[in-house]
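Data first, discussion second: the structure below is written as structure tokens.
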Amino acid sequence: MIKAILIFNNHGKPRLIRFYQYFAEDMQQQIIRETFHLVSKRDDNVCNFLEGGSLIGGSDYKLIYRHYATLYFVFCVDSSESELGILDLIQLICFFVSVCVFVETLDKCFENVCELDLIFHMDKVHYILQEVVMGGMVLETNMNEIVAQVELQNRMEKSEGGLSAAPARAVSAVKNMNLPEIPRNINIGDINIKVPSLSPF
Amino acid sequence: MALKIVKGSIDRMFDKNLQDLVRGIRNHKEDEAKYISTCIDEIKQELKQDNIAVKANAVCKLTYLQMLGYDVSWAAFNIVEVMSSSKFTYKRIGYLAASQCFHEGTDVIMLTTNQIRKDLSSPHQYDTGVALTGLSCFVTPDLARDLANDIMTLMSHTKPYIRKKAVLIMYKVFLKYPESLRPAFPRLKEKLEDPDPGVQSAAVNVICELARRNPKNYLSLAPLFFKLMTSSTNNWVLIKIIKLFGALTPLEPRLGKKMIEPLTNLIHSTSAMSLLYECVNTVIAVLISLSSGMPNHSASIQLCVQKLRILIEDSDQNLKYLGLLAMSKILKTHPKSVQSHKDLILQCLDDKDESIRLRALDLLYGMVSKKNLMEIVKKLMLHVDKAEGTTYRDELLTKIIDICSQSNYQYITNFEWYISILVELTRLEGTRHGHLIASQMLDVAIRVKAIRGFAVAQMATLLDNAHLLTGNTQHNGICEVLYAAAWICGEFSEHLEDPMQTLEAMLRPKVATLPGHIQAVYVQNAAKLFATVLRKHEGETDSHAVQETSQLLIDRLPLFVQSANLEVQERASCILQLVKYIQKLQQKKVEVAEEVTALFAGELNPVAPKAQKKVPVPEGLDLDAWINKPPSESESEDEKPKAVFAKEEPKHSRSRHTEVDEKELAKRREARKQEQANNPFYIKASPSSQKVYDAPGVEHIPVVQIDLSVPLKVPGMPMSDQYLKLEEERRQKEKAERKKKEKKKKREKRGKERKADSGPESEEDITPAHQVDIVTEEMPENALPSDDDDKDPNDPHKALDIDLDKPLADSEKLPVRTHRPEVLKSPAEDRVNESIPQETKKRSSKEKKEKKKGKEKDRKRSKEEKKKKKHKEVEEELLESHPEEAVQSEETKEAATPPTSAEEETTPLSAAAADMSSAAAPESEPDEPKDAEPEDTKSSKHKKKKQKKEKEEKEKKKKKRHHHHHHHHHHHSDAGGDDSVQNGTVEEEEPLPPMSNYSLLAENSYIKMMKEDADQVYDIQGNHQDESKVVVSVIFENKSDSFLKSMEFNVLDSLNSKLQRPEGAGAHDSLTVPFQLPPGISNEARFVFSVQSIVMPQKLKGTLTFIVKSDESSTHEKLDFKLHFTCTSYLITTPCYSDAYAKLLESGDLKGSSLRLERIKMPFHHLLARICFHHHFSVVERIDSCASMYSRSIQGHHVCLLVKTSDQTVSIDAKCDEPSLLGNVLDEIKQTFSKC
């Protein structure tokens, strides 16, 4: 069983966390901190296994991690998982993330999963992860199958218009202007005056 | 309206989406928390809007914030809303959020049952997939129970995508709801051979996970797995299966033999390191499990070790690590094959990777022998010196101690060396294992008697140089060793060369900076040293030294008397006074040494850590039994403190304790021994272990002569090396001697075969440097051996230890989805299952019924379609006899039709809400007959109250349901597919007045009898053709100040009704009430009556006799009473379907009657509740001011009521197949309402 999947950057900032056992939020953060503390002080040329000890679950559990550029991918697993298998899985997931999140950057080497990709698309990465690991157990390892399923679901989302439909995207430029105070309630009568430009990009 | 929509979408443009939030957080690095709190406020605003897209966006952002550690549980309900959206985009967001932050404690989870069920059966595979994924993260026991059957159905879904998810989630379901394992297992097994590799892999995954915890139940699957192993090409599956075999082989050695060949083949053929590694691992497991008689054994071991060596020598650190890990497994059973690779492992100790070093350390643990212990420890000590970073150094420290102390110091040949190692370890700065070192010092000094002299000398040096250690005074720091040092010096002070000097060292002012518990030991042991000094100098004419010592103590102890630590203070002031007194005596030239020494006389023996736990409980002693009477509930709180401060009792018990004289004790001991001798299961203490402490004394053990060539006085100098050299020299010498001897022998016995193991290098030849006697730890004299000390009773996997090969019993069906959690059943069916068990209490019988329900489900559906039509018929049927009411009822019919049809298509949330309220009060339906178990007497009173409350809730719920239905219709008409939900709009209703069904039976100055309106009725018609049993609960309350006892209850039987008496009792004998009543206490007793005819009410005369016992006297008293059996009490609350109800009325077997009640001021629902409560009816249907009700007698008479109200007038039309019963029931109803 996989007990937790943690992805954080070189400064310990969480980029994606997935616990398959319940921990309260503050406990989760503590686990992330401690894991980061353990993992970050290790050289890159040492082995990728770490006895987690009291961190999660006890002595049966160990941490298996990979370090790519600015990101750490950490799996906390028990003895029923193959250590080398999990290492392969982490590599696989990195690959999916780069393939599925940014189809246009397929040429990117998977070793260079960009941290920004993860930050802005945490939800999408979650959806990919869900196709690989479910409830702490490895669901699918066939690359083509996973990519196909993720693609189909994304297409379904697109056909529904997606979460951020056109108008919202249009004004994101406005939002990024760092206005001191955005008026929350717009007077309907003044609609043409107050909203600067509604035309799409 | 249109304007509103436009406004909504414009508002939305300024809502941040996830990307904006992330960007914002990145732009506000310096005041992140503040920024996020404004974002959370915005999110709260967004969640208040009706637009589901806005909500979904907000929930998506919350998921991100949750990752950053913000508690978002407050939005749980909004997450459920988003989950129940019909759009996949939103649903997915909802489920993601739920899977991140829902857990068993989340209360809204029970709202989701129906939604999840709906999604599971959705035609879109991704809706189902998303629901399964989400559920896998937050499944609770309730969800597991309710959805197990749905998920099981999905295991045979046409789409492999769903199948594999359903299979995988079953593991979670099993964990939460172990009852589902057996019914689901056959299908799970089927999936092992699923055509889709993904599904197959999932099934293997689940079974492996199950088998890992309880392997013996899965042995029968071995052939199937064996087939899979030889046919599968998927490495993931292979790894899982091979791991599974690793778990199975210890249980079945024959399996292991079969495994070796294919595994060896795989090892040779595979190119995947992960697979190779797992194969090696399993081969090791197989070899461990096999007895060593296998001929080709060593070949396999050699293969494994050889492959592992390749791994360890690989440049890939991961392989190195795993190689060492697997090596340590071989080590346990085949240490010889590993020991030959000692060089490699010692090399790994120098690796730059800490994990690898730790693994190598683990291996060392198993590789030590008497021969190489010193050498290995020396190497480790070097590492300790080099190690940077305290964690690894501490690890080394514990390992050194572990290695040396393992199996009772088995490998230590020279304890002086070990003590020196421990002393050297104290030089470690900043270690957290001071305590560990200290406990080792104590342990060795106590248990190895021969070493005490040496240990004391070393400890004295430590104390003298304590300033070197006190740099770190934090808890568990190295200063802890001073605790041990002080104690050893004090306890074994007879070995001290110069106790005076040590005493001086222990009383230095610097000591006051040590932690309190260490100071306390210092003070106490200073006193011991003082006693030693006294004894040493007693009899000397010059008592100067003694006086000096007393003066030293008197001078220094006041420092400790001022200590803030209570323990130190107490001990110091005690000893200070003692010394002052002794000083006085000394001045009078009185010899006190002997008496002072007597204070500390006696040997302390080591006690095993588990000794206390192992003391067997003597026969006849129940540790859980109350010693005094348990405090009764009626006792008021403020009485308690009195008892607490009562000083009499403890004194009393103590004095009684001492009364048990020696003789008595001896007698008891004798009896116990006798008993043990007769008990075949009692394991007697082996004579050998006894010998250890029964040995005549310390004298016969040769005390080690300290070799003064070893510099003792230099603290902290590494001197263990000296021992190593000495040891080598000694061994050389011994070897030489032995060779000489052997030569001699050889010369003498030439021609005789030389023993194979008599080589000079073998273990046995290494004799310990000193003859040591390692005292074993003491155990209680009749300790029971037990190995289950370490098992975790809370392991969830324990519940899954289920035999899977037994054929499925009928009762083991998964709960099938039902229309409502509490299903109303038609009376016809109900007669078959005479009593409806409470769902939570008797699940097994419920499951039996589920089957029936399942079959009926289809029938029901078609029935429900007709329901609407039928309903009309019901009313018309009832109305026929009262045409004057028809007009009024016609109006209600209009309102009545929508709700009935709406029942079928409730909105997800209203259904969920109904679900929740029923889940919160599973026993709330009045339709359930109350639990008739007589042993529930204590709780029954409480239960009654609960039921009352629940009844109120139920009424509310009914209203609520109606309310929702109306809303739902509204939505359907104008909102189309929009799934926005209504929440929190429940009308406040005035609560029902409290109702009690206890009536006064009889009362006098001593006692009050309350009879419960006999609703504890059950029917055993099956056994007795025309006889029914009625249980009457009577509460007896003692009103007097005296003790009431020997209560006897008797009733004069009539022809129709008889009190059930125990077999053998005469027809007029009385029944003893099974309790006594202290003053002011009440208790409840139940009496069973057999009744023949139930159509008429009955009255029985009875008497209660009892003895009133007061301080002075006891008197016989009696109380007459009349037991009134109403016809109502023969009715059982029985649920009924409206269609069955209609049929019943149609049948024409029933005869009608009616009743009119005037000036009833209570609201209609109160009226119904009263009828339900007091007369055991259930509401079949209620439409505004008109309701149909049903009940059934214990002999199967149907009673139907139609209750209508208008303007304080209530008319009840009733039908029953027994007119006299009906008449009496109606009279009783009338009486009930005339009372209020």
With a 1.4 Å probe and ligands and nucleic acids left out, the total accessible area lost when A pairs with B, in Å² to the nearest 100, equals 7500 Å²
For the stretch B:526-606, the fraction of alpha-carbon pairs in successive 5 Å shells from zero, as %: 3, 15, 26, 23, 16, 11, 5, 1, 0
Report the Cα centroid-to-centroid distance between the stretch B:17-51 and the stretch A:114-144 in angstrom, as an integer. 25 Å
Note: the stretch A:1-87, point scatterers on Cα, Debye, no solvent; log10 I/I(0) at q = 0.14, 0.21, 0.25 Å⁻¹ equals -0.41, -0.98, -1.42
Scan around B:T431 for amide H atoms under 5 Å from its own, H built in the peptide plane at 1.01 Å from N, and keep only partners 5 or more places away or cross-chain. B:I478
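By the gyration tensor of its Cα atoms, with a ≥ b ≥ c the square roots of the eigenvalues, what is the shape of the stretch B:177-316: rounded for a/c under 1.5, prolate for a/b over b/c, or oblate? Please report the intermediate quantities before stating the final value.
Details: a/c = 2.26, a/b = 1.55, b/c = 1.46.
Because a/c hits 1.5 or more and a/b exceeds b/c, the stretch B:177-316 counts as prolate.
Checking the a/c ratio against 1.5 first, then a/b against b/c, what shape does the Cα gyration tensor give for the stretch B:160-240? If you can, show how the numbers build up before the last one.
Details: a/c = 1.83, a/b = 1.23, b/c = 1.49.
Taking the square roots of the gyration eigenvalues as a ≥ b ≥ c, the stretch B:160-240 is oblate.
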For the table B:K216/B:K307; B:K329/B:K614; B:K1058/B:K1122; B:K1099/B:K1230; B:K1161/B:K1204, the rows whose alpha-carbon distance is greater than 21 Å are B:K216/B:K307; B:K329/B:K614
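Would you mind estimating how fast the stretch B:362-497 diffuses translationally, via Stokes-Einstein at 4 °C and 1.567 mPa s with the Kirkwood radius over Cα pairs, in µm²/s? Provide the component values of the computation, followed by the final result.
Numbers: Rh = 15.1 Å.
Value of D from the Cα-based Kirkwood radius: 86 µm²/s.
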Spatially near lysine pairs across the stretch A:2-162, Cα under 17 Å, sequence gap of 8 or more or different chains: 4
Rg (one decimal) and Dmax (whole number) from the Cα set of the stretch B:45-180, in Å, equal 14.5, 44
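When the dipole is taken about the Cα centre of the stretch A:2-162, and only Lys, Arg (+1) and Asp, Glu (-1) are charged at their Cβ, what size is it in debye, to the nearest 20?
Values: 13 positive and 23 negative charges, 71 e Å.
Once rounded to the nearest 20, the dipole reads 340 debye.
Would you kindly work out the equivalent ellipsoid of the stretch A:2-162 from its C-alpha gyration tensor and give its semi-axes, the square roots of five times the eigenvalues, largest first in whole Å?
Numbers: eigenvalues 134, 56, 48 Å².
Square roots of five times the eigenvalues give 26, 17, 16 Å.
With every protein chain present, what is the per residue accessible area of the stretch B:93-211 (1.4 Å probe, Å²)? Display every interim value, and only then the final one.
Details: 3160 Å² over 119 residues.
Counting only protein heavy atoms, the per-residue value for the stretch B:93-211 is 27 Å².
Based on the alpha-carbon set only, what is the convex hull volume of the stretch B:48-111 divided per residue, in Å³?
Taking the convex hull of the Cα positions in the stretch B:48-111, it is 78 Å³ per residue.
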Classify the stretch B:106-206 as rounded, prolate or oblate, taking a ≥ b ≥ c as the square roots of the eigenvalues of its Cα gyration tensor: rounded when a/c is under 1.5, otherwise prolate if a/b is larger than b/c and oblate if not. oblate
Computed accessible area, B:T153, all protein chains, 1.4 angstrom probe, square angstrom: 80 Å²
Can you give me the convex hull volume of the Cα atoms of the stretch B:1158-1236, divided per residue and expressed in Å³? 81 Å³
Round to a whole number: what % of the accessible area of the stretch A:2-162 belongs to carbon and sulfur, probe 1.4 Å? 52 percent
Rounded to the nearest Å, what's the spacing between the alpha carbon centres of the stretch B:134-166 and the stretch B:1196-1236? Just the number, please. 49 Å
Among residues of the stretch B:184-206, a drop of 30 Å² or more in 1.4 Å probe accessible area, assembly relative to the chain on its own, occurs for B:N205
Between the chain alone and the structure with every protein chain in place, find the residues of the stretch B:72-115 that drop at least 50 Å² of accessible area; heavy atoms, 1.4 Å probe. B:F88, B:T89, B:R92, B:L96, B:Q100, B:H103
Search the structure for amide H atoms under 5 Å from the amide H of B:S1070, placed 1.01 Å from N in the peptide plane, and list their residues when 5 or more places away or on another chain. none
extent check for the stretch B:226-378: Cα max minus min per principal axis, descending, whole Å, gives 52, 35, 21
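The values are calculated or read from the model by the stated rules, or taken from the named source; none is laboratory data. Every value quoted in this text rests on a predicted model; they were computed, and no experiment measured them. Methodologically, a virtual Cβ is constructed for each residue, glycine included, from the backbone with ideal geometry; neighbour enumeration extends over all protein chains shown. Areas reflect the complete protein model, heavy atoms only, side chains present, ligands, DNA and RNA absent. Shrake-Rupley method; radii C 1.70, N 1.55, O 1.52, S 1.80 Å.
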